[in-house]
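Student: Can you keep this structure in mind? I'll have questions shortly.
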Amino acid sequence: MKRLVISTAVGVAAALFQVSGYAADPRGMEEAKEHGCLKCHEVDKKKVGPAYKDISAKYKGKKVEDAMEGVKAKPVHKSVLAKTSDGSLKEILEWVLSL
C-alpha cells in the first residue's frame, strides 16, 4: 500500500512538472482553445501551423505587439481574428511567448 501511494505521488509530481511549462498563463491557453487556435497549432510540434514554442523562439526578446502584428499579417488568420478581440489575442500571445 505504501508503495502504491509513493508511486502515485511521484507520477502526479512528474505530470505537474511537465504541465507547468504550459501553464505559465493558463488563461492564455484557455483563450487559444476558445478561439480555435489549437486546431492548427500545438505547443511542442508543428501541426498545420508552427509549434507555439517555435513562435516563442522567433519573437524572443520582442514585444507582444510585434507578435500581434505578425499574426495579423497572415491572411490565414483572417477569419479567426474577425471573432477575436485584441485583448484576447494579446493574452494568447503573452502565453505563447512565455513558453
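The values are calculated or read from the model by the stated rules, or taken from the named source; none is laboratory data. Note that the structure is predicted; figures quoted are calculated from it, not measured. Here the Cβ positions follow ideal geometry from the backbone for every residue, glycine too, while neighbour counts run over all protein chains shown. Heads up: the accessible areas ignore ligands, DNA and RNA and are worked out on the full protein's heavy atoms, side chains in. Shrake-Rupley method; radii C 1.70, N 1.55, O 1.52, S 1.80 Å.
Student: Is it fair to say residue 57 is surrounded by fewer than 17 Cβ atoms within 10 Å (Cβ to Cβ), in a helix (DSSP H, G or I) and among the aliphatic types (A, V, I, L, M)?
Tutor: On the way: surrounded by fewer than 17 Cβ atoms within 10 Å (Cβ to Cβ): yes; in a helix (DSSP H, G or I): yes; among the aliphatic types (A, V, I, L, M): yes.
It is true that residue 57 is surrounded by fewer than 17 Cβ atoms within 10 Å (Cβ to Cβ), in a helix (DSSP H, G or I) and among the aliphatic types (A, V, I, L, M).
Student: Mind listing just one residue for me: the one in region 71-80 that is touching a helix residue (DSSP H, G or I) at 6+ places or on another chain (Cβ under 8 Å) and at pLDDT 95 or above and, of those, surrounded by the fewest Cβ atoms within 10 Å (Cβ to Cβ)? Please lay out each step first, then the result.
Tutor: Restricting attention to region 71-80, the residues satisfying the condition of being touching a helix residue (DSSP H, G or I) at 6+ places or on another chain (Cβ under 8 Å) are 71-72, 77, 80.
Those left that are additionally at pLDDT 95 or above: 71-72, 77.
Numbers: 71: 18, 72: 13, 77: 17.
So, considering only residues that are touching a helix residue (DSSP H, G or I) at 6+ places or on another chain (Cβ under 8 Å) and at pLDDT 95 or above, the one surrounded by the fewest Cβ atoms within 10 Å (Cβ to Cβ) is 72.
Student: Could I ask something else about it? Quick check on this structure: which one of 79, 88 is part of a helix (DSSP H, G or I), over 16 Å from the mean Cα position of the chain (by Cα) and not aliphatic (A, V, I, L, M)?
Tutor: On the way: 88 fails: over 16 Å from the mean Cα position of the chain (by Cα).
On inspection, the qualifying residue turns out to be 79.
Student: Still on this model: Out of 11, 21, report the one residue that is closer than 19 Å to residue 97 by Cβ, among the small types (Gly, Ala, Ser) and either at pLDDT below 95 or loosely packed, with under 12 Cβ neighbours inside 10 Å (or both).
Tutor: Details: 11 fails: closer than 19 Å to residue 97 by Cβ.
Just a single option satisfies the conditions, and that option is 21.
Student: Here is a check on your reading of the model: is residue 49 open to solvent by less than 50 Å² (accessible area, probe 1.4 Å), in a loop (DSSP other than H, G, I, E, B) and out of contact with any Pro (no Cβ under 9 Å at 6 or more places or on another chain)?
Tutor: Details: open to solvent by less than 50 Å² (accessible area, probe 1.4 Å): yes; in a loop (DSSP other than H, G, I, E, B): yes; out of contact with any Pro (no Cβ under 9 Å at 6 or more places or on another chain): yes.
Here the answer is yes, as residue 49 does meet what is asked.
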